[in-house]
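No lab work stands behind these numbers, since they all come straight from the coordinates. Everything numeric here is computed off the predicted structure, so don't read it as measured data. A quick note on method: Cβ atoms are made from the backbone with ideal geometry, for glycine too, and the neighbour counts reach across all protein chains shown.
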Amino acid sequence: MKVVIVLFLAVWVPSQILAQQNDTDTNRTLAIETQSMSIMDKLFKFVLKEKWMEVPLNHFDLFDNRTWKMRYIVNDKNYKEGGPIFIEVGGEWTIDGIALVMSNMFDLVKEHHGIMIETEHRYYGESLPFGEDFEIEQMQYLQIEQAIEDLAYFIEHFKQENPKYKDAKVIVHGCSYPGMLVTWLRLRFPHIVDIAYASSAPLGVGLDYPEFFEVVNDVYANVSDECIETIRQGFNQTNELMKTEDGRARVRKAFEGWTCGDVHKMNSAEILGKIVSVLNVMHDPSQYEQVACLVMTMDADDEEAFKRLANFIIFKSKHIANCASEKPEGQELRNGVAWAYQTCTEMGTFQTLNRKNSHHPFQMDMSVEESVAECVSDFGGMVTETVLRTGIERVSRRYGGTKPKVTKVVTIQGTNDPWKHLATLEDYNEEAPVWIMEGSHCADVTVRDDDIQSLKDIRVKVKALITKWIKEIS
Ligand SMILES: *[C@@H]1O[C@H](CO)[C@@H](O)[C@H](O)[C@H]1NC(C)=O
Ligand SMILES: *[C@@H]1O[C@H](CO)[C@@H](O)[C@H](O)[C@H]1NC(C)=O
Ligand SMILES: *[C@@H]1O[C@H](CO)[C@@H](O)[C@H](O)[C@H]1NC(C)=O
């Protein structure tokens, strides 16, 4: 049985190149990264071009003429006169150009002979308005509304700088947070953006989001009772064992092989936290829960639940999960700080664990108060609960919540996406359909041969609709 699983995984490895760009924890991933780097070097030499545009820092103050340099990557190899502009909107990460050569959107680019551009979000990657060492006060321009203005400005000025695209139709795509951005970009700038494709866009913002781990619970529970019971009992046993000397030794021995850091140097909370994060299903390949439950329910008769859970955690930590223990630094650290700032000022949606009001499998509490306190301490008092509440309220008012009044936006949400309850899982209206795919967060974005048929079908459906819309507006 073990052999079957290993083979099964071998098929998935290529996807990790894309999913785990930042995971430098294991030699294995390092090898994959190095390999993908050289491919990317070649792409940047022959296909992709890196460019910069000067963009206003504060779009809402006429008297502030400061600017910053926004990075973007271009693939115009497929462009033919009259073709559209396709934009892959970057989010809380460093852009890499992969979507410009391999993605569902890229298939549309080829079909319509368009130019494709990936934009980097302000304060992420190399698009740093205040350089690498910025102060907390300088982060005040890191706002959703500014980011949306950046994109509108970018499109308008890109067309001015390149007159041959003057009349080109504009189609934008984003996954996750950028999925929200493209929906709102189309909402606020329908005269600049013609069509938006949003993958896994959790449009709702709010303080607390206990549903995250409920979806995780349901994904495993839907496979079998035995599977979710193993997680529930295994977690509880680990927690109980950590209370005695002898028990701690047994836990550390059981988890020794994982890639989440030195288990002998971790305390109970750190170990349990890592277990929760590895079990997170957000980036799992399609139907991975079947394999997960197979591993966890193996040897059910003669192994204790915490050992079965440990075996799975080790297995997943080596192949799929990013559970690096080293403290991030450089670009990775800056991206993390910027995202924490956005979370603490406009997004919220803390993934809380609450035994009283939700049905997650973990005997552990993580309250929204703790998360807010972390925000306050991380951002030196500048961010408070009132600031966050005001930010959230403003975002909801500005963009119309989870059912915005937009048209020509196609949205895809995943059945196994822990963020799905922040989205409306039915059409916004006749001209803004929401389709549900079998899979997790952004599973429609990257085209893979080994995907289940229903995922392939939904990609085809999205492309057909966008093609229909392009024809309608041309
Ligand atoms: C920006 O504004 C300042 C003060 O109003 C002015 O002195 C400066 O020339 C302006 N810079 C540019 C590039 O317009
Ligand atoms: C679990 O199964 C139920 C019933 O089929 C379904 O409604 C639900 O969406 C599933 N949940 C997940 C997370 O797969
Ligand atoms: C957790 O384990 C303890 C000790 O074995 C037990 O008393 C308790 O009922 C368990 N809780 C759950 C929710 O399984």
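For a quick check of your reading of the filter: which trypsin sites (Lys or Arg not before Pro) in the range 209-268 sit in a DSSP loop and have no more than 12 other Cβ atoms within 10 Å? Before the final figure, lay out each step's value.
Details: sites: 232, 243, 248, 250, 252, 253, 265; in loops: 243.
Here the trypsin sites (Lys or Arg not before Pro) that fit, given the DSSP loop and packing criteria, are 243.
Listed here are the pairs 327/463; 110/316; 42/408; 110/408; which of them are more than 29 Å apart at the Cα? Before the final figure, lay out each step's value.
Numbers: 327/463 41 Å; 110/316 36 Å; 42/408 36 Å; 110/408 21 Å.
Going by Cα-Cα distance, 327/463; 110/316; 42/408 fall outside the 29 Å limit.
What percent do you get for the relative contact order of the range 162-302 when only Cα pairs under 8 Å and 6+ apart count? Intermediate values should be presented prior to the final figure.
Values: 106 pairs, mean separation 26.1, N = 141.
That works out to 19 percent.
Given points 7 Å out from each Cα along the Cα-Cβ axis, report the residue 61 to residue 461 separation in nanometres with one decimal.
4.7 nm
On average over all directions, what projected area in square nanometres does the range 352-474 have, based on the convex hull of its Cα atoms?
Values: hull surface 45.3 nm².
Projected area, direction-averaged: 11.3 nm².
So for the chain, taking the charge dipole from beta-carbon charges (+1 Lys/Arg, -1 Asp/Glu), which of 367, 108, 290 sits furthest toward the positive end?
108
Take the Cα pairs of the chain, get the Kirkwood Rh, then feed it into Stokes-Einstein at 10 °C and 1.306 mPa s and tell me D in µm²/s. Kindly include the intermediate steps, with their values, before the conclusion.
Numbers: Rh = 23.5 Å.
Rounded, D is 68 µm²/s.
Can you compute the modelled spin-label distance between residue 387 and residue 253, with each label point 7 Å from Cα toward Cβ, in nm?
4.9 nm
Explain nothing, just compute: Karplus ³J(HN,Hα) = 6.51 cos²θ - 1.76 cosθ + 1.60, θ = phi - 60°, for every residue of the range 306-315 in order, whole Hz, x for Gly and Pro.
Karplus-based 3J(HN,Hα) across the range 306-315 equals 5, 6, 5, 5, 4, 4, 5, 4, 4, 4 Hz.
How far is helix 330-342 tilted off the main Cα axis of the chain, in degrees rounded to 10, range 0 to 90?
Rounded to the nearest ten degrees, it is 80.
Dipole of the chain (Lys/Arg Cβ +1, Asp/Glu Cβ -1, origin at the Cα centre): which of 39, 177, 401 lies farthest to the positive side?
The one lying farthest along the dipole's positive direction is 39.
Below 12 angstrom from the Cβ of residue 472, what's the summed charge of the other residues (Lys, Arg +1; Asp, Glu -1)? Walk me through the numbers on the way to the answer.
Details: positive: 169, 408, 468, 471; negative: 194, 431.
Here the count lands on +2.
I need the phi-derived Karplus couplings for the range 282-287: 6.51 cos²θ - 1.76 cosθ + 1.60, θ = phi - 60°, integer Hz, Gly and Pro marked x.
Karplus-based 3J(HN,Hα) across the range 282-287 equals 4, 10, 5, x, 5, 6 Hz.
Roughly how big is the chain's charge dipole about its Cα centre, with Cβ charges of +1 (Lys, Arg) and -1 (Asp, Glu), in debye to the nearest 20? Mind showing how you got there, number by number?
Working: 50 positive and 72 negative charges, 240 e Å.
With only Lys, Arg, Asp and Glu charged at Cβ, the dipole is about 1160 debye.
Quick one: Karplus J couplings for the range 269-277, per residue in order, coefficients 6.51, -1.76, 1.60, θ = phi - 60°, nearest Hz, x for Gly and Pro?
Per residue, the Karplus-derived 3J(HN,Hα) values read 4, 5, 5, 5, x, 5, 4, 4, 6 Hz.
Pairs of alpha-carbon atoms within less than 8 angstrom and 6+ residues apart define the contacts here; what relative contact order does the range 77-189 have, in percent? Display every interim value, and only then the final one.
Working: 141 pairs, mean separation 41.0, N = 113.
Contact order relative to length: 36 percent.
Largest first and to the nearest Å, give the Cα extent of the range 253-347 along each principal axis.
That works out to 48, 33, 20 Å along the principal axes.
Going by Cα centres, the range 315-374 and the range 431-474 are how many Å apart?
Here the two parts' Cα centres lie 29 Å apart.
Each label point is 7 Å from the Cα along the Cα-to-Cβ direction; what then is the distance between the points at residue 38 and residue 54, in nm?
Each label point is offset 7 Å from its Cα along the Cβ direction, giving 4.1 nm.
With just the Cα atoms defining each centre, how far is the range 378-405 from the range 117-160? Give it in Å.
Using only Cα atoms to place each centre, the spacing works out to 19 Å.
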